[in-house]
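For reference, the structure is listed below as structure tokens.
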Amino acid sequence: MKIGFIIPLLDEYDVEKNYETLSKACLDCGVQFDVIFALNSKLNAVFTKIRNVYVENKSVKAFMVDRPVDHHKLITLAMEKCEEYDATIIYSGKEEINGDVIKAFITSYEAGNKIVYLKKVYRGFKKLVVGFKSMFYKLGIKLLGVFKDVNAENDIQLLDSDVVKTINQLPGKNRQLRTLDSLLYYTTDIIHLEVDSKEVINANYTAKDKSYVQNAAVAYSSLGVGCVALVLTILALSLWNWHYLIHIALWFTFAIGLVLFLVFNTRKTLTHRAGAYVEPSEFVSLKDKIEYYNM
């Protein structure tokens, strides 16, 4: 069995340390592997280091695009080179590689699962906050009737070769990659990883686009209007003698505001998780000027 690793990089990264962790995990599991480092345009120094350090290591491959792109576009470009592997593991450069996660992915894959997700588990107050956000997100998904979303890490996961080939054939593949559970019907598993609640993720990997901001503005404006309507109707019941139709209108406004909040709050999250559709011509343009190493 041979695993292909995709590591998209947007910022400085300890290549040697993480490669050693990855290599040891694969050795312990008895599997062969290749690593593809997918680099953003500003990482010339990292690209040069990879070529110098691993000049005699054919399992280490890399490419660098000629312009700034997000890490999911880098993943999409790299996946076109991964159809020959039995499975592909994507491990975003936003954090250091966890050897135990790699081993758990491989063990789960060997047990027959075609897609393996990583889901982070937090402790203390952050666990409550994340759970609260997840509850609203799941309610919004049901209201929209879009799909089931396990809301796991969408840039740290394992994909079987059949899944990789399926995604590579889809026109909007950069979006499908990020919410696989909504589009593909393969056996899946979720690996849970308990992390430090104070963990800080590199901001380059969590940037929000214009659509995210617009949906957030509508969501919180709707919630604000709904809350004002709720407060007014409660005050009116105890202090003022308003016509019953006004009370009905205020309760209706509150209900509509809450529904709009759930819908647009979910759309806000989806724009970040699923991303915007990228024209195939953009990927063609990117591929025309990619600098490859050992590929």
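The values are calculated or read from the model by the stated rules, or taken from the named source; none is laboratory data. Source: prediction; values computed, not measured. Note that we place each Cβ from the backbone using ideal geometry, even for glycine, and neighbour counts take in every protein chain shown.
Scanning region 146-163 for residues that are modelled with pLDDT of 90 or more and either of a type in the set (A, V, I, L, M) or not assigned by TED's automatic domain parsing to the domain that holds Y186 (or both) yields I156, L158, L159, V163. The residues on offer are R67, R51, and the sole one that is over 29 Å from A274 (Cα atoms) and either in the same structural domain as L158 (by TED's automatic domain parsing) or of a type outside the set (S, T, Y) (or both) is R51. In the condition set (1) touching a residue at least 60 places away in the same chain (Cβ under 8 Å); (2) assigned to a helix (DSSP H, G or I); (3) surrounded by fewer than 12 Cβ atoms within 10 Å (Cβ to Cβ), L270 is compliant with all but (3). Checking T107, T179 one by one, the residue that is at pLDDT below 85, within 30 Å of Q32 (Cα to Cα) and of a type in the set (V, I, T) is T179 and no other. In region 154-169, the residues that are aliphatic (A, V, I, L, M) reach residues that are assigned to a helix (DSSP H, G or I) and surrounded by fewer than 23 Cβ atoms within 10 Å (Cβ to Cβ) with C-beta atoms within less than 7 angstrom, at least six apart or across chains, in these pairs: I167/K173; I167/Q176.
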